[in-house]
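Trainee: One structure, as structure tokens, below. Some questions next.
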Amino acid sequence: MDVVTIGESMAVFSPESSPLMRYAATYSRKFGGAESNVAIGLTRLGHEVGWISKVGNDELGKGLLSFIRGEGVDVSQVKISETAPTGLYFKEVRSANNVRVEYYRKGSAASQLSVNDLDESYIASAKFLHITGITPALSESCYETVMQMISIARENGVKVVFDPNLRKKLWSEERAREVLLEIAAKSDIVMPGVAEGEFMFGENDPDKLGELFLNHGASLVVIKVGAKGAYYFTKEKSELVPGFPVEQVVDPVGAGDGFAAGVISGLLDQLPLNKAVERGNAVGALATQIPGDFEGLPTREEMDHFMYATDSEDISR
């Protein structure tokens with residue numbers, strides 16, 4: 001197994017007849033979740049990924065599980081709850097710069113994940129463990145589960161990749177800051193945005209944030225700076241890797257998950273760090289150009305064409 005991740009995926013409902021839910025008479029239903037987005041992004045790039053979660057024994061849960069399995073993600077560790085429902089959320093894309101999300105996930109099946117749902121040998125078989133700051137926010141048992149997974153990974157030489165993925169609606173700022181810093185200290189690779197770094201350390205300068213995260217425990221820090229691209233920092237080197245221009249952002253949700261998938265893919269392929277981050281920039285850019293949380297995540301062929309094709313090579317035009 002290349003990567004194991006854990007987190008909640010939900011049914012996603014978006015208004016069709018109007019951008020505003022208050023006026024919408026019809027909705028489209030898709031699926032989404034940060035960790036499963038990363039898992040799908042990695043499988044599309046040719047990697048083996050396992051996703052750990054819990055869904056309700058309901059139609060949404062069955063559909064979600066079938067869909068993620070169909071994307072090539074291993075779902076053998078997903079548990080079915082007979083008592084709790086599959087979570088859901090509503091997404092209003094008012095414009096590319098104004099996306100509003102309302103969660104209905106309290107008491108969901110995934111929020112009831114516990115350490116008893118973990119198979120140590122399964123986690124130990126991976127090269128990377130991917131964690132976000134969303135899962136520990138869902139419940140105390142989810143927090144305990146994530147921390148146990150990190151312990152298992154560290155004991156077995158599995159590198160821990162942490163995307164803070166701050167969701168202020170899910171918990172108090174004090175608790176969020178405490179837990180995000182705790183996980184960052186135990187992670188090998190940390191991939192925050194500047195706003196998340198500022199939330200955690202009270203600093204918004206990328207160079208200073210890179211130093212703070214390195215001193216806090218990470219060996220590699222990758223800081224996203226939007227359209228400009230991303231910085232990477234190690235004890236030996238730091239560099240800004242420019243982003244890819246995007247003519248029109250259609251839906252920014254999922255871009256960060258695409259970025260994470262691209263960087264992890266590059267690390268799995270043992271690319272130089274600047275090339276791994278460049279791959280993250282490319283996958284993130286592609287993810288913004290198609291509506292949906294995961295729909296824009298590319299195959300390896302699509303990613304390579306986006307990154308390397310030139311007008312002269314594109315014989316279709």
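Trainee: State yes or no: is PHE162 under 23 Å from LEU42 (Cα atoms) and of a type in the set (A, V, I, L, M, F, W, C)?
Mentor: Answer is yes for this residue.
Trainee: Applying the selection to region 104-142, what residues are in contact with a Gly (Cβ under 7 Å, 6 or more places away or on another chain), surrounded by fewer than 17 Cβ atoms within 10 Å (Cβ to Cβ) and modelled with pLDDT under 95?
Mentor: TYR104
Trainee: Restricting the first residue to region 69-96 and requiring it to be without any contact (Cβ under 8 Å) to a residue 12 or more places away in the chain, which pairs with a second residue that is crowded, with 18+ Cβ neighbours inside 10 Å meet a Cβ separation below 7 Å and a spacing of at least six or different chains?
Mentor: ARG69/VAL75
Trainee: Among the residues in region 155-169, are any farther than 21 Å from ALA218 by Cα, part of a loop (DSSP other than H, G, I, E, B) and of a type outside the set (Lys, Arg)?
Mentor: Within region 155-169, the first condition is being farther than 21 Å from ALA218 by Cα, and the residues that meet it are 167-169.
Still in the list and also part of a loop (DSSP other than H, G, I, E, B): 167.
If we keep only those that are of a type outside the set (Lys, Arg) too, we end up with none.
No - not one qualifying residue is present in region 155-169.
Trainee: Turning to a different aspect of this structure: Quick check on region 132-149. Is at least one of its residues touching a residue at least 40 places away in the same chain (Cβ under 8 Å) and in a strand (DSSP E or B)?
Mentor: First, pick out the residues of region 132-149 that are touching a residue at least 40 places away in the same chain (Cβ under 8 Å): 132-138, 145-146, 149.
Checking which are in a strand (DSSP E or B) leaves us with 132.
Yes, because at least one residue in region 132-149 is touching a residue at least 40 places away in the same chain (Cβ under 8 Å) and in a strand (DSSP E or B).
Trainee: I'm trying to understand the selection: among the residues of region 205-250, which are of a type in the set (D, E, K, R) and more than 19 Å from ASN165 (Cβ to Cβ)?
Mentor: The first filter runs over region 205-250 and keeps only residues of a type in the set (D, E, K, R), leaving 205, 207-208, 211, 224, 228, 235-237, 239, 247.
Result: ASP205, ASP207, LYS208, GLU211, LYS228, LYS235, GLU236, LYS237, GLU239, GLU247.
Trainee: Please indicate, with yes or no, whether at least one residue in region 46-55 is more than 11 Å from the chain's Cα centre (by Cα), assigned to a loop (DSSP other than H, G, I, E, B) and more than 26 Å from ASN116 (Cβ to Cβ). It would help to see each step written out before you state the result.
Mentor: Going through region 46-55, the residues more than 11 Å from the chain's Cα centre (by Cα) turn out to be 46-55.
With assigned to a loop (DSSP other than H, G, I, E, B) added as a condition, the list becomes 46-48, 53.
Among the residues that remain, those that are also more than 26 Å from ASN116 (Cβ to Cβ) are: 46-47.
Yes.
Trainee: With the condition kept exactly as written, say whether any residue in region 21-38 is of a type in the set (D, E, K, R), out of contact with any strand residue (DSSP E or B) (no Cβ under 7 Å at 6 or more places or on another chain) and more than 25 Å from GLU144 (Cα to Cα).
Mentor: Going through region 21-38, the residues of a type in the set (D, E, K, R) turn out to be 22, 29-30, 35.
Cutting the leftovers down to out of contact with any strand residue (DSSP E or B) (no Cβ under 7 Å at 6 or more places or on another chain) gives us 22.
Filter again for more than 25 Å from GLU144 (Cα to Cα), leaving 22.
Yes.
Trainee: Would region 70-77 turn up any residue that is at pLDDT below 95 and not in a strand (DSSP E or B)? Please lay out each step first, then the result.
Mentor: Step one: filter region 70-77 for residues at pLDDT below 95, giving none.
No, because not a single residue in region 70-77 is at pLDDT below 95 and not in a strand (DSSP E or B).
Residue-wise test of (1) at pLDDT 95 or above; (2) more than 18 Å from the chain's Cα centre (by Cα); (3) small (Gly, Ala, Ser).
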| site | (1), (2), (3) |
| --- | --- |
| ARG177 | yes, yes, no |
| LEU180 | yes, no, no |
| ALA185 | yes, yes, yes |
| PHE201 | yes, yes, no |
| LEU212 | yes, yes, no |
| HIS216 | yes, yes, no |
| PHE233 | yes, yes, no |
| VAL253 | no, no, no |
| PHE259 | no, no, no |
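Trainee: Of the residues that make up region 179-193, is at least one at positive phi and either charged (D, E, K, R) or touching a Gly at 6+ places or on another chain (Cβ under 7 Å) (or both)? So that I can check it myself, show each step before the final result.
Mentor: In the first step, residues of region 179-193 are kept if they are at positive phi; the result is none.
No, region 179-193 has no match at all.
Trainee: What residue, among those in region 74-99 that are within 18 Å of the chain's Cα centre (by Cα) and more than 28 Å from MET1 (Cβ to Cβ), is surrounded by the most Cβ atoms within 10 Å (Cβ to Cβ)? Explain how you work it out, then say what you get.
Mentor: Initial filter on region 74-99 (within 18 Å of the chain's Cα centre (by Cα)): 74-75, 78, 87-89, 91, 99.
After this cut, where a residue has to be more than 28 Å from MET1 (Cβ to Cβ) as well, the list is 88-89, 91, 99.
Values: LEU88: 19, TYR89: 16, LYS91: 22, VAL99: 14.
The residue in question is LYS91.
Trainee: Name the residues in region 26-43 that are surrounded by fewer than 24 Cβ atoms within 10 Å (Cβ to Cβ) and either closer than 13 Å to VAL3 by Cβ or in contact with a Lys or Arg (Cβ under 6 Å, 6 or more places away or on another chain) (or both), would you?
Mentor: THR43
Trainee: From the set of residues in region 218-229 that are modelled with pLDDT under 95 and either among the hydroxyl-bearing types (Ser, Thr, Tyr) or assigned to a strand (DSSP E or B) (or both), which is surrounded by the most Cβ atoms within 10 Å (Cβ to Cβ)? Write out each step before concluding.
Mentor: In the first step, residues of region 218-229 are kept if they are modelled with pLDDT under 95; the result is 224-229.
Going one step further and asking which of them are either among the hydroxyl-bearing types (Ser, Thr, Tyr) or assigned to a strand (DSSP E or B) (or both), we end up with 224, 229.
Numbers: LYS224: 27, GLY229: 20.
Per the stated criteria, the residue is LYS224.
Trainee: Right, something else. With (1) at pLDDT 95 or above; (2) out of contact with any helix residue (DSSP H, G or I) (no Cβ under 7 Å at 6 or more places or on another chain); (3) surrounded by fewer than 18 Cβ atoms within 10 Å (Cβ to Cβ) as the list, and TYR23 as the residue in question, which single condition is left unmet?
Mentor: Only one criterion is unmet by TYR23, namely (1).
The values are calculated or read from the model by the stated rules, or taken from the named source; none is laboratory data. This is a predicted model, so every value here is computed, not measured. Glycine also receives a Cβ, built like all others from the backbone with ideal geometry; neighbour counts cover every protein chain displayed.
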